[in-house]
Amino acid sequence: MIMKRTKGIVLVAWVLLGVFVCAGTASAANETGREGRFIAYDDGTVLDTATNLMWADKDNGVDIQWAAAKTYCESFTAGGYNDWRMPTKNELAGLYDGSRRDARGYHLATSLITLSGCCPWTSDTCISMLPQYEMAGYYAFHWSFISGQSICSQQGLDRDVRVLPVRSRR
């Protein structure tokens, strides 16, 4: 009886070990490049080791309004993660480097992330400077990788604004 029970426990242990080992290798991304504090992976993600934020390696690729950008991030699944979100102004500011310029003229801190438009939306809302339009919630910031500034615009804006999903790495 004891021998049978011991064999059963050993079998369960081996099965569990196999599940953990296989699961770890199946979802593990391979590093494809490094640039300063940034590490790119083959699953479409880039890790910023200074902030511990994981970024999509490229923006959504087309003009997008703020609400659609928020939905895009919430349904984004690169790397097998489902906790993507819109970045804050400060998080996007952390990707800005005025001393660098890519082929499009954008001041990105790394070439491992690609922007197809200058100005990704942020999750931060704002109030217009025009008194007749002071309706919080109808305006949001986008970050300019040309000027290095956040810009308060109508959430319905869909010209040269994109979204770059981000997640906090745990």
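The values are calculated or read from the model by the stated rules, or taken from the named source; none is laboratory data. Since this is a predicted model, take the numbers as computed values, not measurements. To get the accessible areas, we keep the full protein, side chains included, count just its heavy atoms, and leave off ligands, DNA and RNA. Shrake-Rupley method; radii C 1.70, N 1.55, O 1.52, S 1.80 Å.
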(request) Give, in nm to one decimal, the length gained when the segment between Asp83 and Ser111 is fully stretched (0.36 nm per residue of separation minus the Cα-Cα distance). (result) 7.7 nm
(message) Against the empirical 2.2 N^0.38 Å scaling, what ratio does the C-alpha Rg of region 58-170 come to?
(response) 1.04
(message) Keeping all protein chains in the complex and leaving out DNA, RNA and ligands, what accessible area do you get for Phe141 with a 1.4 Å probe, in Å² to the nearest 10?
(response) 40
